[in-house]
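Worksheet for the structure shown next.
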Amino acid sequence: MARIYKLDIKNFRGIKKFSHTFDKSNLVCLVGRGDSGKSTILSAISYALYPNWNPTFSDADFYNCDTNNPMEIEVTLVDVPDELLKEDKYGLYIRGIDKETKEIKDEFEYNYDYEKALTIKLEIKKDLESKWYVINNRQNPPVQISHYDRAKLNVFMVSDYLDTLFYWRKGSPLYALLKQKENLDDFEKDKILTDAIREVKDKIDNSQFEQFKEVIDTLKLKIEELGVKIPGVSTSIDFKDISIKEGKL
């Protein structure tokens, strides 16, 4: 699982400038009084590694509401999934961390004791359009990173009020755990959700809806009095008007 080595924040909400190297700590605690910026730091991390397409920002998210200075959040990661380090992905943008000096080097030297790292940068300018890049000062320009690849980092903002964390949908912690099943490929993992939704539909179709049985029986009797038999009539749900998607599980 990827870990944050270094975090840089500029002009985001109540933070004009923040920079901290976490090194390779397994546990990090943010301690401070209320309104000191703890939640802002966590939100910055969440947005920089956001697994979905496009979060919503407003002028109020800029430091002092000054949209002339762009918001910039940079997260340097270690232990990045190997598939993101391939040359046809972001392998050309790998940076090195000197294990002795703890410095981040743009040139990765295999003959030195360097650790592989990727730096992801989120930039939001006055137009409020979010753009994510993998950056390395030796490579110009930077390369954009898709939400699909960011989702492979499995980063989530967890709190006591985010009930959406318990939905079985792409980008949720539950789905991330599902993806870790090594004996399944991506197609089979997606198929699990699809099959679960179909199972829900089948169960509804086969439900007797006993609450309406008396009404249905009366209807059948009245119609039979007119000489029409309607065997097998039942109450069901019209799925044309109901959206059952993976995010509803």
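The values are calculated or read from the model by the stated rules, or taken from the named source; none is laboratory data. Source: prediction; values computed, not measured. Neighbour counts are summed over all protein chains in view; Cβ atoms, including those assigned to glycine, are modelled from backbone coordinates with ideal geometry. Accessible surface is based on the protein model in full, side chains and every heavy atom, while ligands, DNA and RNA are left aside. Shrake-Rupley method; radii C 1.70, N 1.55, O 1.52, S 1.80 Å.
Numerical summary
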item: Debye log10 I(q)/I(0) for the chain, one point scatterer per Cα, at q = 0.14, 0.16 Å⁻¹; result: -1.03, -1.26
item: Distance in nm between pseudo-label sites at ILE15 and SER146 (7 Å out along the Cβ direction from Cα); result: 2.9 nm
item: Proximal charge balance of PHE22 [Cβ under 11 Å; K/R count +1, D/E count -1]; result: +3
item: Across LYS17/LYS125; LYS10/LYS131; LYS6/LYS152; LYS99/LYS121; LYS17/LYS89, pairs whose alpha-carbon gap is larger than 25 Å; result: LYS17/LYS89
item: Accessible-area composition of the chain, carbon plus sulfur, in percent [1.4 Å probe]; result: 50 percent
item: Rough spin-label spacing in nm, given labels placed 7 Å along Cα→Cβ, for ILE204 and SER159; result: 3.2 nm
item: Taking the chain and dividing mean pair separation by its residue count, relative contact order in percent (alpha carbons under 8 Å, at least six apart); result: 16 percent
item: Selected from LYS125, LYS213, LYS17 as most flexible by GNM, with the chain as the system and alpha-carbon contacts under 10 Å; result: LYS213
item: Value at 222 nm in deg cm²/dmol, rounded to 500, when DSSP H runs of n ≥ 4 in the chain each add -39,500 (n - 2.57); result: -7000 deg cm²/dmol
item: Spin-label model distance (nm) - LEU174 vs ASP238, 7 Å beyond Cα toward Cβ; result: 3.0 nm
item: Accessible area in square angstrom per residue, the range 12-131, 1.4 angstrom probe; result: 59 Å²
item: Listed residues LYS10, LYS16 arranged by accessible area, highest first, probe 1.4 Å; result: LYS16, LYS10
